[in-house]
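The values are calculated or read from the model by the stated rules, or taken from the named source; none is laboratory data. Keep in mind the model is a prediction, meaning the values are calculated, not measured. A quick note on method: Cβ atoms are made from the backbone with ideal geometry, for glycine too, and the neighbour counts reach across all protein chains shown. Surface accessibility is based on the protein's heavy atoms, side chains included, excluding ligands, DNA and RNA. Shrake-Rupley method; radii C 1.70, N 1.55, O 1.52, S 1.80 Å.
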Amino acid sequence: MGERISIPEYAMALAQVASLRSEDPYRKVGAAALDADNRVIGTAYNGLAPGFDPPPGFWDDRDGRQKFMLHAEINLCSLFRRGEARIVATTTMPCTSCMQTLCSYGIKEIYYNEIYRESDAPEIADLYGIKLERVECFPLSEFSPVLSGRVVSAVE
Ligand SMILES: [Zn+2]
């Protein structure tokens, strides 16, 4: 029998798998939410608004596309109501705006893999008493877009 994986590792593996569904060729981010009993509420990834079909050439503009991308954490929060999720795992540390949104949804523990230096998430977590922790090792890490070399960097 193998060792049983921890809840943060479990959540991170789910987030990593979700990131594989991202349609953004430059930045693939996945996220997973668990409730107070560690049951999976859902997973999400960054992308365009549901049902939106981008015009030809849309993905050619690497900078221009950014403002249209809905972040994985925002898409994740559309799956539950405030207080329903306790744990969120994201493949990349939430940006400042997503961290604020996760706070507003009452998330108590946030796990991430990739560091995002421009984010104020650590400061926000400190102030509000939210656990923000890096998970470096997780199952299925060979499928990570960054670790497997399919994407040079998930952060830009
Ligand atoms: Zn964000």
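Please state which one of ILE115, ILE110 is more than 10 Å from the ligand (Cβ to nearest atom) and either in contact with a helix residue (DSSP H, G or I) (Cβ under 6 Å, 6 or more places away or on another chain) or closer than 16 Å to GLY129 by Cα (or both).
Working: ILE115 fails: either in contact with a helix residue (DSSP H, G or I) (Cβ under 6 Å, 6 or more places away or on another chain) or closer than 16 Å to GLY129 by Cα (or both).
Going through ILE115, ILE110 in turn, the sole match is ILE110.
Only one of these is out of contact with any Ser or Thr (no Cβ under 7 Å at 6 or more places or on another chain) and not basic (Lys, Arg): GLU109, GLU73. Name it.
Details: GLU73 fails: out of contact with any Ser or Thr (no Cβ under 7 Å at 6 or more places or on another chain).
Matching residue, one of GLU109, GLU73: GLU109.
Against the criterion of being loosely packed, with under 13 Cβ neighbours inside 10 Å, part of a helix (DSSP H, G or I) and more than 15 Å from the ligand (Cβ to nearest atom), GLU123 qualifies. Selection of first residues in the range 92-104 that are over 11 Å from ALA31 (Cβ atoms) and of second residues that are part of a strand (DSSP E or B) and more than 8 Å from the ligand (Cβ to nearest atom), restricted to Cβ pairs under 7 Å at least 6 apart or on distinct chains, gives the following pairs, ordered by first then second residue: MET93/TYR112; MET93/GLU114. Among the numbered conditions (1) open to solvent by 70 Å² or more (accessible area, probe 1.4 Å); (2) more than 16 Å from the ligand (Cβ to nearest atom), the only one that TYR45 does not meet is (2). Considering the range 52-88, and only residues there that are more than 14 Å from the ligand (Cβ to nearest atom) and surrounded by 22 or more Cβ atoms within 10 Å (Cβ to Cβ), the residue that is nearest to CYS137 (Cα to Cα) turns out to be ILE87.
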